[in-house]
Every structure is written in C-alpha cells, then in structure tokens.
Amino acid sequence: MEDRGKYVCVFLARHPDDKNKSDEFARWWPDWYQYSHCKTSQDIIYGNRVLFRPTVTPSSEKYIQWATEVSLSVHSTFLQGPFNFESIHALNRTRNKVEKDYWANLRLVCNELAILPPMLGSSHIKSPKLTLAVMKQKRKT
C-alpha cells in the first residue's frame, strides 16, 4: 500500500454547555487537559479536561491538547477538511461553530462508510434562539 504520510491530529470537543444542541449548533473548543509525566516511563498522563476559549493558548508546562498521530497509509483512515469556522452574523456571535456545509459533507461520507453520522438539526434538539433584534428585522422584510 502506498505510504501517504503521517499527521498529528489535534481534536476539538463540544462545549459542555451545548450538550443538548445538535452538532451543527454546538460550539467546538480545543480539547485541553491538565497533564503530568509518569515518573518511570515519562509517558504523558492526561488529567482533567479544562476549558480555554479557542483564542487562548495556555501554558505548555501545565496543559496539553488531545492529539494523536494518524497514518494516512491505512486504507480505513479518512480525514474531513480542512474547514473554516462559521462567520459572525446575527444568529452566530462566536468563531467556533463549524459551517453547515461541512457537516452535510461529513454526514454523506459517514453514510457511505456506514459510520454513525454527526447529529444535525432535529425537532427535539434546541436550535439557536432568535434575538429580539433579529425577529424585528425578519418582520420588516
């Protein structure tokens, strides 16, 4: 099999306050953890998850992002991306939501590969709340 190289993949995690939102409406923050080293092997021991805003890079002496090396020579490895976060607008005031088109593409790939797809909008999932200003704006149009 052709060797297509190795990549270190750093992960994002759903913000814990968004557990009742579908994937597309949830905020995705870097997956940071406190860590220490094993005294005998110097392996990294992951501690508690810690929330840092996406624009913050904490001290590398105390915190580490969840990451793993992925070999692209393995036939079953598939990377989706790269992607940009959704732009700022009336319904999105943060720079850590993945654009809807990327979720739709990921869902198609997952369905083709018989992998559990991302959870996208549903009637029983909370969608973003309309602000009073947005509702007034919609009435005017």
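Going residue by residue through the stretch 38-51, is there one that turns out to be modelled with pLDDT under 75 and either among the aliphatic types (A, V, I, L, M) or under 18 Å from residue 16 (Cα atoms) (or both)?
If we filter the stretch 38-51 for residues that are modelled with pLDDT under 75, which is where we start, we get none.
Taking every residue of the stretch 38-51 in turn, none turns out to be modelled with pLDDT under 75 and either among the aliphatic types (A, V, I, L, M) or under 18 Å from residue 16 (Cα atoms) (or both).
Scan the stretch 26-42 and tell me whether some residue there is closer than 24 Å to residue 91 by Cβ, surrounded by 15 or more Cβ atoms within 10 Å (Cβ to Cβ) and of a type in the set (D, E, K, R). Step through it out loud before you land on a result.
Going through the stretch 26-42, the residues closer than 24 Å to residue 91 by Cβ turn out to be 26-30.
Next, only the ones that are surrounded by 15 or more Cβ atoms within 10 Å (Cβ to Cβ) stay: 26-30.
Among the residues that remain, those that are also of a type in the set (D, E, K, R) are: 27.
Yes.
Output the residue which, of all residues in the stretch 57-67 that are under 14 Å from residue 12 (Cβ atoms) and hydrophobic (A, V, I, L, M, F, W, C), is surrounded by the fewest Cβ atoms within 10 Å (Cβ to Cβ). Outline the logic, then answer.
Just the residues of the stretch 57-67 that are under 14 Å from residue 12 (Cβ atoms), to begin with: 65-67.
If we keep only those that are hydrophobic (A, V, I, L, M, F, W, C) too, we end up with 66-67.
On the way: 66: 15, 67: 11.
Checking each candidate, the answer is 67.
Among the residues of the stretch 68-88, which ones are surrounded by 13 or more Cβ atoms within 10 Å (Cβ to Cβ) and at pLDDT 75 or above?
Residue satisfying the conditions is 70 alone.
Go through the stretch 34-56 residue by residue and tally those that are aliphatic (A, V, I, L, M) and under 17 Å from residue 15 (Cα atoms). Talk me through it step by step, then tell me what you get.
Here is the first cut: in the stretch 34-56, the ones aliphatic (A, V, I, L, M) are 44-45, 50-51, 56.
Filter again for under 17 Å from residue 15 (Cα atoms), leaving 50-51, 56.
Going through the stretch 34-56 one residue at a time, the tally reaches 3.
Show the residue pairs that are 6+ apart or on different chains and have beta-carbon atoms under 9 Å apart, the first residue being within the stretch 21-33 and at negative phi, the second being among the acidic types (Asp, Glu) and surrounded by fewer than 19 Cβ atoms within 10 Å (Cβ to Cβ).
Going by the 9 Å Cβ cut-off, the qualifying pairs are 24/99; 25/18; 26/18; 27/17; 27/18; 28/18.
Could you please let me know if residue 134 is exposed (fewer than 13 other Cβ atoms within 10 Å of the Cβ), modelled with pLDDT under 65 and of a type in the set (Val, Ile, Thr)?
no
Mind listing whichever residues of the stretch 89-130 are in a loop (DSSP other than H, G, I, E, B), in contact with a helix residue (DSSP H, G or I) (Cβ under 9 Å, 6 or more places away or on another chain), closer than 18 Å to residue 21 by Cβ and at pLDDT 50 or above?
We begin by selecting, within the stretch 89-130, every residue in a loop (DSSP other than H, G, I, E, B); these are 90-91, 93-97, 99, 113-125, 127-130.
Okay, now just the ones that are also in contact with a helix residue (DSSP H, G or I) (Cβ under 9 Å, 6 or more places away or on another chain), so 90-91, 97, 99, 115-121, 125, 127-128, 130.
Those left that are additionally closer than 18 Å to residue 21 by Cβ: 90-91, 97, 99, 116-121, 125, 127-128, 130.
Answer for the stretch 89-130, where residues must be in a loop (DSSP other than H, G, I, E, B), in contact with a helix residue (DSSP H, G or I) (Cβ under 9 Å, 6 or more places away or on another chain), closer than 18 Å to residue 21 by Cβ and at pLDDT 50 or above: 90, 91, 97, 99, 116, 117, 118, 119, 120, 121.
The values are calculated or read from the model by the stated rules, or taken from the named source; none is laboratory data. Keep in mind that what you see is a predicted model, and the values were worked out from it rather than measured. All Cβ positions, glycine included, derive from the backbone under ideal geometry; neighbour counts span all protein chains shown.
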